Amino acid sequence: MFKKVLIANRGEIALRVIRACHELNIKTVAVYSTADEFSLHVKFADEAVCIGPPPSKDSYLNIPRIIAAGEITGADAVHPGYGFLSESAQFSKICEDNGFVFLGPSSDIIDSMGNKAKAKQTMKAAGVPVVPGGDGILEGPDEALEKANEMGYPIMLKASAGGGGRGMRFVTEATDVIASYKSANQESITAFGNGDIYIEKFIQNPRHIEVQILGDKHGNAIHFGERECSIQRRHQKLIEESPSPLVDEETRKQIGDAAVSGAKSVNYVGVGTIEFLMDSEKNFYFMEMNTRIQVEHPVTEMVTGVDLIKQQIRMHAGQKCPVLDNFQLRGHSIECRINAEDPSNNFMPFPGKINSFHMPGGKGVRVDSHAYAGYVIPTQYDSMIGKIIVHAENRERAIIRMQRALEETIIDGPKTTIPYQMAIMKDKVFKSGDFDTSFLETFKYNSEEE
Ligand code: MV4
């Protein structure tokens, strides 16, 4: 097992990794920018190294400085968290080349899943259902039009180097294909330095369902069921849950088996997430694979009883996947991401000082946060200040418990997403469990009512 892990991240996920390491008797090294000097991840790590000024490119994205911090502290592994360098094939390779175990997949796997068109082909070859469409990248606008006419409208054009909704175009008729291709191609070149585009049939009102997988170095892979992530605003998830209200035992087995064969086909090591679109008839289609731990991993931990970060570390230390007999999800878990944003003002970020801070507790309530009373939310990074996660016997009780937890929460200073999430917890459609990724487009929020 590792002796000392450097965490190349900040905020709640850095703290989450520190907690897992300490339970495994592993020492921890935090790295931080000058904007995070008073963050809890710095306080709770065994050692902390300042790696630069606030801009991410000079600190949390600065590979030479992170490697230097690992060298001077004698770390033997690097955990990348999520965001920042977590899906950088280059960072994975540089860590390994400098003698650190990268607690994520090899650069080859990150690369092959980062190329979304290629990832689809790989999954299709492994027998995973994929969104119908062209096979691989388009040669140019003419081929885009030809393929679109063959498969019928509406279609989606997607950037192969993109993901998470960036560089995407929705096209409803032939007259728009050429211009949409060109603009997606240009945007993709600007954003990712790669203009490759692929085409897919448009899936009407899909749900976003993802499967948590775990692979070891011995060719084994298992899954931990699905997460329902359809409550998103501009491709930012706000609420996640497990299990999905739409997924029955039979579908769970099918989608889980598909995810496992996808993971096995690339000899996947560590934690990963396979994202699917699911239509109203419960047909599911592979969309993308995320080769990192995700923000919403706690809902899976609550319904499986597994510590995913500990498992991730164990897999990279060479241990075998646990054997799951009669796998089933226990009860229901919901997570609300607490962002310092004003839901009444277009979710405008609201950095600044937190004057008072009281987090909920009691049965079935978990809080993952790096914030505290007196903490100043920096302006440079994302606005998530924590997550409230609940677990209960079933979905109805989990919703009641989340309402109770949100009610107890006091954050004085910044505006937060809490009142908005409270309104969702009281919404009839949300409560019914019958919603899709368009839910927030039509959700009416009246801040006066809260
Ligand atoms: C789609 C789609 C419908 N059909 N692809 C958005 C994020 C990116 N990962 C893929 N996305 C979508 N791809 C086809 N062929 C609908 C979406 C989509 C979406 C997906 C998941 C969660 C929220 C979404 C919101 C709008 C559109």
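Give the Debye-formula value of log10 I(q)/I(0) at each listed q (0.15, 0.23 Å⁻¹), with one equal scatterer per alpha carbon of region 376-433, two decimals each. Summing over Cα pairs of region 376-433 leads to -0.52, -0.98. Taking all protein chains together and rolling a 1.4 Å probe, residue 391 ends up with roughly 30 Å² accessible. Checking the Cα-Cα distances for 118/253; 158/428; 93/253; 182/387; 118/282 against a 28 Å cut-off, the pairs over it are 158/428; 93/253; 182/387.
Between 356, 33, 244, the residue with the greatest mean-square fluctuation in the GNM of the chain (Cα pairs under 10 Å linked by springs) is 356. Computed on region 132-201, the Cα convex hull volume stands at 68 Å³ per residue.
Once backbone amide H atoms are built at 1.01 Å from N, residue 373 has 357 as its partners under 5 Å, excluding neighbours fewer than 5 places away on the same chain. Loop-resident GluC sites (Glu not before Pro) (DSSP state other than H, G, I, E or B) in region 88-149 with no more than 16 further Cβ atoms inside 10 Å of their Cβ: 139. Here the Karplus curve 6.51 cos²θ - 1.76 cosθ + 1.60, taken at θ = phi - 60°, turns the phi angles of region 137-154 into couplings of 7, 7, 6, x, x, 5, 5, 4, 5, 4, 5, 4, 5, 4, 8, x, 9, x Hz, with x standing for Gly and Pro. When the residues 406, 246 are ordered by accessible surface, computed with a 1.4 Å probe over the protein chains alone, the sequence from largest down reads 246, 406. Just checking the listed ones, 107, 56, 88: in the Gaussian network model of the chain with Cα springs under 10 Å, the one fluctuating most is 56. Under 5 Å between amide hydrogens, built in the peptide plane, is the criterion, and for residue 270 it picks out 215, 216 among residues at least 5 positions away or on other chains. Using the Karplus relation 6.51 cos²θ - 1.76 cosθ + 1.60 with θ = phi - 60°, the per-residue 3J(HN,Hα) values for region 291-301 come to 9, 8, 6, 10, 3, 8, 4, x, 4, 5, 4 Hz, with x marking Gly and Pro. The Rg/Rh ratio of region 129-260, with both radii computed over alpha carbons and Rh defined as the Kirkwood radius, is 1.03.
Using C-alpha pairs under 8 Å with a sequence gap of at least 6, the mean separation divided by the residue count of region 346-399 gives a relative contact order of 37 percent.
Between 273, 379, 437, the Gaussian network model of the chain with springs among Cα atoms under 10 angstrom shows the greatest mean-square fluctuation at 379. Remark: accessible surface ordering of 441, 408 (largest first) is 441, 408, probe radius 1.4 Å.
Restricting region 396-450 to trypsin sites (Lys or Arg not before Pro) that sit in a DSSP loop and have at most 13 other Cβ atoms within 10 Å of their own Cβ leaves 426, 444. Note: relative contact order over region 132-201, using C-alpha pairs below 8 Å and six or more positions apart, is 44 percent. For region 4-103, the Kirkwood hydrodynamic radius comes to 12.9 Å, computed from all pairs of different C-alpha atoms. Relative to its residue count, region 271-380 spans a Cα convex hull of 206 Å³ per residue. Working from Cα pairs under 8 Å separated by at least six residues, relative contact order for the chain is 14 percent.
Against the empirical curve 2.2 N^0.38 Å, the C-alpha radius of gyration of region 207-449 lands at a ratio of 1.02.
In this structure the amide hydrogen of residue 38, modeled in the peptide plane, comes within under 5 Å of no amide hydrogen from residues 5 or more places off or on another chain. Distance between the C-alpha centres of region 361-394 and region 31-95: 22 Å, rounded to the whole angstrom.
Report D for the chain in µm² per second (integer): Stokes-Einstein, Kirkwood Rh on Cα pairs, 37 °C, 0.692 mPa s. This corresponds to a translational diffusion coefficient of 145 µm²/s.
Accessible surface comparison of 34, 73, probe 1.4 Å, protein chains only, largest first: the order is 34, 73.
The values are calculated or read from the model by the stated rules, or taken from the named source; none is laboratory data. Source: prediction; values computed, not measured. Virtual Cβ from ideal backbone geometry, glycine too; neighbours counted across all protein chains shown. Note: accessible area is taken over every heavy atom of the protein model, side chains too, but ligands, DNA and RNA are not part of it. Shrake-Rupley method; radii C 1.70, N 1.55, O 1.52, S 1.80 Å.
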